[in-house]
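Here, each number is a calculation from the coordinates, and none is a lab measurement. None of these values were measured; they are calculated from a predicted model. Cβ placement follows ideal geometry from the backbone for every residue including glycine, while neighbour counts extend to all protein chains displayed.
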Amino acid sequence: MIETLLQGLLLGGLYCLFALGQSLMFGVMRLTNTAQGDFIILGAFAAIAALGVAAVSPWLVALLLLPVAFGFGYLLQRHVLNGTLGRDPLPSLVVTFGLAIVIQNLLLELFSADPRSIETDGLNTQSIVLPGGLAIGVLPLLIFAIAVGATAALQWLFNRTALGRAFRAVSDDREIAELMGLDARKIYASATGIAFVLIAIAGVLQAMRTTVSPADGPLLLLFAFEAVIIGGMGSFWGTLIGALLLGVTQQIGFRIDPGWGIWAGHIVFLGVLVVRPQGLFPKTRG
Amino acid sequence: MAALLETRGLTAHYGDAQALFGIDFDLAPGELVAIIGANGAGKSTFMKSLTGLVKAPREQVRFAGEAIGGLPPGEIVKRGIALVPEGRRLFPSLSVEENLLMGAFAKRPGPWSLERLFKLFPILEQKRRQPGTSLSGGQQQMVAIGRALMSNPTLLLCDELSLGLAPIVIREIYAALPAICAEGMTVVIVEQDVAMAQQVSQRIYCFQEGKVSLQGRSCNLTREQISQAYFGLDA
């Protein structure tokens, strides 16, 4: 049982990385990015393609991908998504849904439907043996640490920096924030840029941990969405806890029956929606 | 003396509905002017037109000699106009101190700083870590005024300072005005309490149905003149 719990927590770390960008974009702009999963897969394939061109360390590629992801997210928000924001959430849902379809088909065209992964020189098979005969993978542990670090960094950014104040101000009252001299369009673009950095990290780590294929995006979106809803919209620590809960529940489901894992997660998600629709920690404060 | 702010024939619309019908307004540097009028007279729309929240034709609003009508709010605050909005509208997820710091985003040089504000409103220093919206109405109004002052404006616009506040709190808020004006700041207040407006201001504009129905020196205007201009009725 302890092993199941541990594996669930480690899986939850990965789900947290899937979800943090979503949580950030919703927290600042009230924008639900339905292409979240496909952007994660796009990030994974971008790293795979880069590694196909230059035989360097995947960690170096991941590092180089981060500023590219920020720029991509910034420009996407500035020139596409800002035009969809308003009281009606439908335009942003339609546009991001359209982007999801475009990304899936583009990746299919460029990379075919074959699953691919990033070679990590055996890191994904290494494990640490714990007392009691338990063993946990080094890569999942690393992903978990990155997820906790990313959550803490994001919460710190939100609560302790001028940019975080600006994020919260435009989220609270865009009109008054602009009256203070903020350019909400630039603030939104910065938030999406940061969300895409998290998306790129999630994509690379997903491809290191397992295989990825162009059609994987919607399932990753579902996990991200469930983690955000369980934790509470716009709360980063809530997103982490939601993701961990989802991971643990899935692992327990898998343990009972290999076909039940994903279902178990969905049932917890539905349970939270019914009992506490605002999520467990519904705030963007530390 | 050259006007700090002037509007000529200012018009404003909400969609197809016209809210302002040719407002002519002048403001000299260092003046404290009150705008009075009934609900729906166009007072708040006028304030929003000056700050870019409601679009106005460029040449209809001039500030310090420059046409600023229709500029984005961020550009207008950088030029030195700050608004204390109706209903205060503090940022709920920000603390008192963070709300005040948001006012300094425009980074205009000037005398106002956190320390200076805490001297003007000492209670805010005690409550600096609390969420802005957890304060009483009067204290929230102090934060809203402080937030506007943090941009070190040349012109401070205050929309309905006394809205929803107890009389004793209103007096406390207005007691801070002399200290603000002592810096040479020009102030426009929108006020429904006519007696208060007359008491604190040098000149009064009365709005009625989107037009200026009366203007003059506060001490010279009679109750009858104001009643007629305010309601469109004989007193």
Task: Condition broken by A:Val56, with the remaining ones in (1) more than 14 Å from A:Phe225 (Cβ to Cβ); (2) touching a Phe, Trp or Tyr at 6+ places or on another chain (Cβ under 6 Å); (3) β-branched (Val, Ile, Thr) satisfied - done: (2)
Open item on the list: Which of the strands (runs of 3 or more DSSP E) found entirely inside the stretch B:1-47 contain at least 2 residues meeting this: more than 14 Å from the chain's Cα centre (by Cα)?
Closed with: B:5-14, B:17-27
TODO: Scan the stretch B:76-88 residue by residue and report those that are facing chain A (nearest Cβ under 7 Å) and surrounded by fewer than 22 Cβ atoms within 10 Å (Cβ to Cβ).
DONE: B:Lys78
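Pick out, from the stretch B:172-235, the strands (runs of 3 or more DSSP E) lying fully within it that include 3 or more residues that are surrounded by fewer than 19 Cβ atoms within 10 Å (Cβ to Cβ). Walk me through how you get there before you give the answer.
Details: elements: B:186-190, B:203-208, B:211-217.
The qualifying strands (runs of 3 or more DSSP E) are B:211-217.
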TODO: Can you confirm whether the stretch B:14-25 contains a residue that is within 11 Å of another protein chain (Cβ to nearest Cβ) and within 30 Å of B:Asn220 (Cβ to Cβ)?
DONE: no
Task: Cβ-Cβ under 7 Å pairs, at least 6 apart or on other chains, the stretch A:115-138 side free of Cβ contacts under 8 Å to residues at least 40 places away in the same chain, far side surrounded by 10 or more Cβ atoms within 10 Å (Cβ to Cβ) and in a loop (DSSP other than H, G, I, E, B) - done: A:Val138/A:Gln126
Open item on the list: Could you check the stretch B:182-207 and list, in sequence order, the residues that are more than 13 Å from the chain's Cα centre (by Cα) and more than 9 Å from B:Ile36 (Cα to Cα)?
Closed with: B:Ala182, B:Glu183, B:Gly184, B:Ala195, B:Met196, B:Gln198, B:Gln199, B:Val200, B:Gln202, B:Arg203
Task: the stretch B:89-113 - residue that is free of Cβ contacts under 8 Å to residues at least 40 places away in the same chain and within 14 Å of chain A (Cβ to nearest Cβ) and, of those, surrounded by the fewest Cβ atoms within 10 Å (Cβ to Cβ) - done: B:Lys107
Open item on the list: I'd like to know if the stretch A:191-206 contains one or more residues that are touching a residue at least 60 places away in the same chain (Cβ under 8 Å), away from chain B (no Cβ under 14 Å) and closer than 30 Å to B:Asn152 by Cβ.
Closed with: yes
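Would you point out which residue out of A:Ala207, A:Ala264 is touching a Phe, Trp or Tyr at 6+ places or on another chain (Cβ under 9 Å) and closer than 27 Å to A:Ile48 by Cβ? Even if it seems obvious, please write down each step before you answer.
Details: A:Ala264 fails: closer than 27 Å to A:Ile48 by Cβ.
That would be A:Ala207, the only listed residue that is touching a Phe, Trp or Tyr at 6+ places or on another chain (Cβ under 9 Å) and closer than 27 Å to A:Ile48 by Cβ.
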- [ ] Kindly check whether there is at least one residue in the stretch B:65-74 that is in a strand (DSSP E or B) and free of Cβ contacts under 8 Å to residues at least 60 places away in the same chain.
- [x] yes
Open item on the list: For the list (1) farther than 21 Å from A:Leu221 by Cα; (2) free of Cβ contacts under 8 Å to residues at least 40 places away in the same chain, I need the number of the one condition that A:Leu51 fails.
Closed with: (2)
Open item on the list: Please go through (1) more than 15 Å from A:Gly21 (Cβ to Cβ); (2) surrounded by fewer than 24 Cβ atoms within 10 Å (Cβ to Cβ); (3) aliphatic (A, V, I, L, M) for A:Ala153 and return the number of the only condition it doesn't satisfy.
Closed with: (1)
